[in-house]
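For reference, the structure is listed below as structure tokens.
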Amino acid sequence: MPRANEHVVVIGGTSGLGHHVAQASAALGARVTITGRDLDRARHAAQGLSGDAAGCSCDLTDWDSIDRLFQSLDRVDHLILCALQRDHNTIADFDPGASARTSLMKNVGYAAAVHFALPRLSSEGSVVMFSGLSMWMPMPGSTTISMANAGVIGLVNSLATQIAPVRVNAVTPGVVAGTSAVDDADAIRTDRYAALKLRTPGQRLPTPADIVAATFALTDNPGINGANLVVDGGMHLA
Ligand SMILES: NC(=O)c1ccc[n+]([C@@H]2O[C@H](COP(=O)([O-])OP(=O)(O)OC[C@H]3O[C@@H](n4cnc5c(N)ncnc54)[C@H](OP(=O)(O)O)[C@@H]3O)[C@@H](O)[C@H]2O)c1
């Protein structure tokens, strides 16, 4: 778990799993900075956190905004990359523009964030990037997300060898209960998730608290580096 004197930066911390990680970090007394694309929305989301959490703007498709973000920050102990600009794309109705936007933000954008954060990253710190089970288990419309999530794992492996002693790890959530991915799913996805849940050992979807605990396992343990921690209740066995 982040310590009271540590600075945790959550890119994509205005909602969803990133916001849960930020909330839990702030509750433990860590200094937290969250980002989203819109400054007012980020500041508003930060106000709901304990301590003196800050909200900043940063768009992972806009390199200058990433540079500006890290120029404005001091030491970063843990950089958590959770952002996702959702894309629903099948190959039959493929929209290359939408796909390019999501691929760009989740692969090049995650890499660019580490590049601009590098001078600020504490040597005892870590980077955690969010991938997703769709890289192995395609979901309806996940053409782009499946390839972007697989790209995150390649990026983690490459960066773990390049920026040591800073550690770099991935968390790969399954379908997480109580997130917009589930709550706002269309009928086809809802049916697919329900069927997968029934075939998952324990028939239980992971919760945001499970994902937060896994993220902290990666930030805490100096022996974990270049790892991909799958938190899916065993759905990958379904
Ligand atoms: N939820 C699940 O079941 C699930 C399953 C597998 C993997 N994951 C992964 O877990 C991560 C979090 O998912 P979530 O469902 O919690 O997401 P979410 O609720 O949709 O939150 C996405 C976050 O990304 C930010 N964002 C969107 N586009 C951005 C951009 N271009 N640049 C910078 N920030 C951007 C959003 O901020 P603003 O809107 O304020 O800009 C928001 O804070 C994602 O990487 C996702 O692939 C989630």
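The values are calculated or read from the model by the stated rules, or taken from the named source; none is laboratory data. Keep in mind that what you see is a predicted model, and the values were worked out from it rather than measured. Cβ placement follows ideal geometry from the backbone for every residue including glycine, while neighbour counts extend to all protein chains displayed.
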Gly51 - would you say it is modelled with pLDDT under 95 and more than 8 Å from the ligand (Cβ to nearest atom)? yes
Gly202 being assigned to a helix (DSSP H, G or I) and surrounded by 18 or more Cβ atoms within 10 Å (Cβ to Cβ): no
Among the residues of segment 90-114, the number that are in contact with a helix residue (DSSP H, G or I) (Cβ under 8 Å, 6 or more places away or on another chain), surrounded by fewer than 21 Cβ atoms within 10 Å (Cβ to Cβ) and not hydrophobic (A, V, I, L, M, F, W, C) is 4
Using beta carbons and a limit of 7 Å, which pairs, at least six apart or on different chains, have the first residue in segment 58-70 and without any contact (Cβ under 8 Å) to a residue 60 or more places away in the chain and the second one part of a loop (DSSP other than H, G, I, E, B) and within 13 Å of the ligand (Cβ to nearest atom)? Asp59/Arg37; Leu60/Ala83; Ser65/Cys58; Ser65/Asp59; Ile66/Cys58; Ile66/Leu60; Leu69/Cys58
Lone unmet requirement of (1) under 20 Å from Ala213 (Cα atoms); (2) over 14 Å from the mean Cα position of the chain (by Cα); (3) part of a loop (DSSP other than H, G, I, E, B) for Gly125: (3)
When segment 107-130 is examined, which residues are found to be touching a strand residue (DSSP E or B) at 6+ places or on another chain (Cβ under 9 Å) and within 12 Å of the ligand (Cβ to nearest atom)? Gly109, Tyr110, Ala113, Val128, Met129, Phe130
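Of the residues that sit in segment 193-214 and are charged (D, E, K, R) and within 13 Å of the ligand (Cβ to nearest atom), which one is nearest to His236 (Cα to Cα)?
Here the answer is Lys197.
If only one of Ile145, Ile163 is modelled with pLDDT of 95 or more and either within 18 Å of the chain's Cα centre (by Cα) or charged (D, E, K, R) (or both), which one is it?
Ile145
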Can Ala164 be described as part of a loop (DSSP other than H, G, I, E, B) and more than 12 Å from the ligand (Cβ to nearest atom)? yes
Checking Val32 against (1) more than 8 Å from the ligand (Cβ to nearest atom); (2) touching a Gly at 6+ places or on another chain (Cβ under 8 Å); (3) under 24 Å from Asp183 (Cβ atoms), which single condition isn't satisfied? (3)
Residue count for segment 22-43, restricted to those that are out of contact with any Ser or Thr (no Cβ under 6 Å at 6 or more places or on another chain), more than 17 Å from Leu79 (Cβ to Cβ) and of a type in the set (Gly, Ala, Ser): 1
Being surrounded by fewer than 19 Cβ atoms within 10 Å (Cβ to Cβ) and within 14 Å of the ligand (Cβ to nearest atom) is the filter here; which residues of segment 68-84 pass it? Arg68
